[in-house]
Each structure stands twice: as C-alpha cells, then as structure tokens.
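This report refers to the structure that appears directly beneath it.
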Amino acid sequence: MMSSYESPIRKPLILGKKYYNDLTKDVSCPVETKAGKLWWISFIIALTAMIWGGVCIFYTIGKGIGTWGLNRTINWAWDITNFVWWVGIGHAGTLISAVLLLFRQKWRLSINRSAEAMTIFAVMQASIFPIIHMGRPWNSYWVFPIPNKFGTFWPNFNSPLLWDVFAISTYFSVSTIFWFLGLIPDFAMLRDCSVKPLQKKIYSILSFGWGGKAKQWKNFEEVSLILSGICTPLVFSVHTIVSFDFATSVIKGWHSTIFPPYFVAGAIFSGFAMVQTLLGIARKVLHLEDYITQKHVENMNMVIIATWGIVGIAYISEFILAWYSGSPFEDFTYFSTGASTGPYWWAFWILIICNVLIPQALWFKRIRKSFLWSFVISIFINIGMWFERFDIIVLNLSHDYLPSTWTGFLPSFVDIGIFIGTFGFFFVLYLLYGITFPVIAQSELKTILKSSNEKYRRKQV
Amino acid sequence: MKNIEENRCRIIYVLYKDEEVLLKGIKILIDKGVKIKEVYTPFTIHGLDKILNLGKTSLSKMAFIYGFLGMFLSFVLTWYTMNYDWPQNIGGKPSFFWHMNVPAFVPVIFELTIFCTAHLICISYLIKCALFTGSKDQNPDTRTTDDKFMLEIIDQKISNELINFIKKSGALEITMKDL
C-alpha cells in the first residue's frame, strides 16, 4: 500500500536527492554547530538597537510621553503607526500555517515554522506600544477584567481599544501554542540527535517526552486541523478589530466602513513581504536553498499581488469617496489630491511609489521567480506599508475639522529610538530562534519528501 | 538467534527503514494474528490509523464543547461587568439590558470563544498523548524521530517461525526483551 501519492508532473518542493536523514541533518545543523561570524555581528547590532530602545522606553516611562513628538492635534503618531505595522506583519505566520493548511497547500511546510516565529516576535513588538503609551505601564493590567484597587471597576467592553486587548492577547497566545505544538516532534528529533548533555536536557524538557506513537500522530493531525479551523477566523478578526480603533471614531479619513477588509488585506500584504525579507536572508545564512525554492518565492509573490489587488481597490475607493463627498475636510484625508500636494506630500508619494507602483513588477514571472528582486520589492513593500499607517494616522489628524488646530508632526529621538529598539528586539529574538530552534518543520516536511520528487525526476530524465 | 521459549511474554522491537515496508510488515503481522502494541514513526503516515484500527479521536467534539464554554463565560463576563455589577452610560449606549448591549460585545465574545477552545483543546491533546514537561522519552529507539520506523509487539506466542517471517517482511533490525 502506498502511503503517499507521487505526482509525475508536479515540480518537487524540495530540491536535491534527499532522504529522511538528510532533512534531520539539515535542520539540526544550525542548532548543533556554533554560530558564525555573520550571526555574531548581526546579533551585536540587534542587541545594541534593543538596548537603545530599552533606554528610550525607560526615559519615556520616567519623563512621560511628552518626550515623544506628539502634540494636542496629533496625539497618536509613531506609537500607533508602529503598533499597527507590527501587528500587520504578524499576520502572515498564522495565515500560512492555518489557512494554507486548510487549503492543503504543501508548499507552506518549508516556510511555516519561520513565518510563525516571525508572527509571535512581531506581535510582541506591537504590544510594547499601547503599553508604554498608557504612560503608567505598571497599571496596564487594568485592561483585563480582574479586580483592581478601585474595587469593582471594570474595563469598558464597548470600547474598540479593549477589543484590541482581547484580540491581540488571544492572537498572541493562540499563535504561540499552535507554534509550540508543531515544535514538539521536532524538539524530540533534536533531543534524540544531540550529543551535548545540556542541549539534550533542554530539548528533552521541551519535547514533553514525545515518542512519535501512531496515536500521538493521529491526535496531532486532529489538533492541528482544529487549531487551523479556529485560527483562520482569528487571523481575520485581529486586524478587523485593529481597524475598529479607527473605523468607529468620528475622525475624517478614519470613520470608513471599508477599513476592516482593507486592513486585513494590507496586513497579509505586509506580512508576506516581511516573510520574503526574512526568508531571503535565512535561506542564505542557514543554507536552506534546497527547501526554500523558486516555487515558494513565486507562490508568496502571488499572495502579495492578490492582496495588493484588494488594497488597491480600497485606495481607489478612499480616493473617490473623499473627492465625491465634496467636503473640504475630506480633501485632506490620506488618500486625496490635498494629501498629494499638501505638507505631507512626501509621505503620500512614498506610499504610492512603494505600495502601488513597485509591487506591479510582480506581474512579470521572471521578477516573481527571482530571489533578489523578490527580496528588494519586499523591502519596499515593508516601507510602503509603514507609510500607509503613518499617513492614515498622522496625515488625517494633522488637518482636523478646526483649521486653527492644524499642525505638523516631527518625531523626537525617543520616538525613533523606540522604533529602532523594537527592530533590535525582533532581530535578537529571530537570531536566537535561528540557532536554537528547528527552523523548518522537518517532521511535516518529511511527509512530502516522496510526493513529487522521484516520478518527476524520472520524467525529466 | 536463541530458541524461543513458548508461552513467555516478550516485547519485540522491529525496525524498518521505509514507511512502505513498515505498512506491508504490519499487514502481514496482523494477518498472522499478532497484536501490534505500538508503532513509532518520525512523521505521520496516512493510512496507518486504519490498518491499526485506531478509531476516531474525540478532540473535535471536545473543541466544540470548549467553544460553547468560552462563549458562555464571555456572556456571563460581559453581562456581570457591564450590565449587573456596575452599569455605566458610555456614549449613550444602552447599559441596563445585555441583549441591547450585545452587539458591542461581539468582538470580545468571539475572542474569548477562540481563546478557551484553543487553550483547552491544547491541554486535552497533551493529556491524551501523555505529554508533560520533563516526562520520560516515550520512544524506545532514538532513530524513530529521525529516519527509522519501529513496531512494538508484546505477545506470548512468539516463535522462531514468526521471527523469520518478520525478517522476510523487510525488517532492518529485530530486538527482543523479556517483560
């Protein structure tokens, strides 16, 4: 009886003539060998940025958020921009693991582990911003419905900001357990092949005694499917709720009913771009060329261009609605002729160039399949998506209903420092993950090793 | 190999190098009436559960119940905090009746339903598979998480004939232990 179907026409998802043991070796190699010079240089740079960010956060907490570039008109700026940007980036991981699992997309197996790690680390960065924006982060537990020093004073469940708390914390914890359950069999593999006693002990604790029994695998498949089923609406709900922060307000340019699907598509768009950026680096540094192939890059680019389509429609709708309303205030929304020629013209045009013009190159197959071009375009999309959030927040707030309050925004060194710090923290976590965790879901990838390689190769010969 | 003493309970570990050979071997042994206690594999083998007659898991039903539990908890939480214990007039929204206030609670109800389902199903899965932090490794051979597949047989009627049969089925290695 064949346990797997070998397709004679489907291109292999893993390059080279590999057997199960080769996958084990390739995945355990970065864990067992010492980190290289490049890793240490990257780690020191990331750690320095993280420490600088930490110093800026302590300065903010000590002095108050007056140290930021905020003013009475623009009272949300870099903090919420960074929050939405990081949450958006955190959307690709669970989408790849959950939604692509439901669609039985096997190509996800080479990239899902690292994308999920990216999700978790990105959501961690995102959660920093609302907490420090509270001004008194030691009271941040007040957002949870637990008794506090005021007695029965409950958080307001009618508020989109509280919905955010529940959405982000649920997304973080559910993504983490989904990620960890998939890691257990791979930790068991590392436990069994590691030779250093301390390493063996750590992986033994993390593997929870996994034995790879038939019943365990059956339960594993079932629980993965259940978690995928419930994570799929969760992924879509999180950015929908983040968009409610704006859509339920009365600020012009924010109170738009198009925001929930537009934000979700934008999050997937930026999340996949970040996966392209990170895997572009990881592929070379961790020698994963056989596992992250042109097919993976092309498929991710297809998702990027598809979600761009949704984002593009939202841009056009926003522009037309602002123009058709005939309201002079609407002419200063982030997508209007006023925005393109006003004081923030540069932010508007960076968004247009990075998010609208450059991604069009992905319609061409040669560019879509190119590692270098995909990497370069993904960086532009990351920049563009940051500016999209900056424009929505700062540009809309800068020209409010009261012309006498119109003003600009200039970030302080603390604003910039905290943003750089979150980058540092993100890369510190990602670099540590790269040398201590199995970066590829080897136990799942082994299931497709025989699914396309042999017959395809024979046909090619 | 030593002569095998009849009617003595033994544990046999049979190692295979390929899942196709393993599945063939299992079928042959089941046809011979040998009871297979466990199969250890480095990854999921589709069809193995049917051959071993493992039956359906109850995890899906449990997830459904946990979902309802989470939803019920969120109903109670929103009603108690917002309508019963300390009703507040927030932006003129109705605050005295839960059914009038509920549209604003939908996001929290949804998130708590997912939260409870995911965490409780995860705990149930770990308990069902006997997976706990620091527990002893359950696989008898370290190669079963790498590239080898292992059968565990506990039987009293193990004869030389059967062992030869297992060997012929493509077994790479056979280890026997007294229970």
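The values are calculated or read from the model by the stated rules, or taken from the named source; none is laboratory data. Remember, predicted model here, so these are calculated numbers, not experimental data. Every residue, glycine as well, gets a Cβ built from its backbone with ideal geometry; the counts of neighbours run over all protein chains shown.
Within the range B:131-145, the set of residues being facing chain A (nearest Cβ under 7 Å) and surrounded by fewer than 20 Cβ atoms within 10 Å (Cβ to Cβ) comprises B:Phe132, B:Thr133, B:Gly134, B:Ser135, B:Lys136, B:Asp137, B:Thr142.
Please enumerate the residues belonging to the range A:50-107 that are hydroxyl-bearing (Ser, Thr, Tyr) and within 17 Å of A:Phe178 (Cβ to Cβ). Explain how you work it out, then say what you get.
If we filter the range A:50-107 for residues that are hydroxyl-bearing (Ser, Thr, Tyr), which is where we start, we get A:59-60, A:67, A:73, A:81, A:94, A:97.
Correct list: A:Thr94, A:Ser97.
Against the list (1) in a helix (DSSP H, G or I); (2) surrounded by 21 or more Cβ atoms within 10 Å (Cβ to Cβ); (3) in contact with a helix residue (DSSP H, G or I) (Cβ under 6 Å, 6 or more places away or on another chain), the condition A:Ser228 fails is (2).
Residue-wise test of (1) touching a Leu at 6+ places or on another chain (Cβ under 9 Å); (2) more than 12 Å from chain A (Cβ to nearest Cβ).
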site: B:Phe96; (1), (2): no, yes
site: B:Phe110; (1), (2): yes, no
site: B:Ile114; (1), (2): yes, no
site: B:Ile121; (1), (2): yes, no
site: B:Lys148; (1), (2): yes, no
site: B:Asp155; (1), (2): yes, yes
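Taking the range A:196-237 as the range and being free of Cβ contacts under 8 Å to residues at least 40 places away in the same chain, aliphatic (A, V, I, L, M) and within 7 Å of chain B (Cβ to nearest Cβ) as the test, the residues that pass are A:Ile205, A:Ala214, A:Ile226. Restricted to the range A:1-109, the set of helices (runs of 4 or more DSSP H) holding at least 3 residues that are β-branched (Val, Ile, Thr) comprises A:20-32, A:37-63, A:78-89. Which condition from (1) in a helix (DSSP H, G or I); (2) at positive phi is the one that A:Ala126 breaks? For A:Ala126, the exception is condition (2).
Would you point out which residue out of B:Ile114, B:Ile163, B:Ile121 is assigned by TED's automatic domain parsing to the domain that holds B:Leu15, touching a residue at least 40 places away in the same chain (Cβ under 8 Å) and surrounded by 15 or more Cβ atoms within 10 Å (Cβ to Cβ)?
Working: B:Ile114 fails: assigned by TED's automatic domain parsing to the domain that holds B:Leu15; B:Ile121 fails: assigned by TED's automatic domain parsing to the domain that holds B:Leu15.
After ruling out the rest, the residue left standing is B:Ile163.
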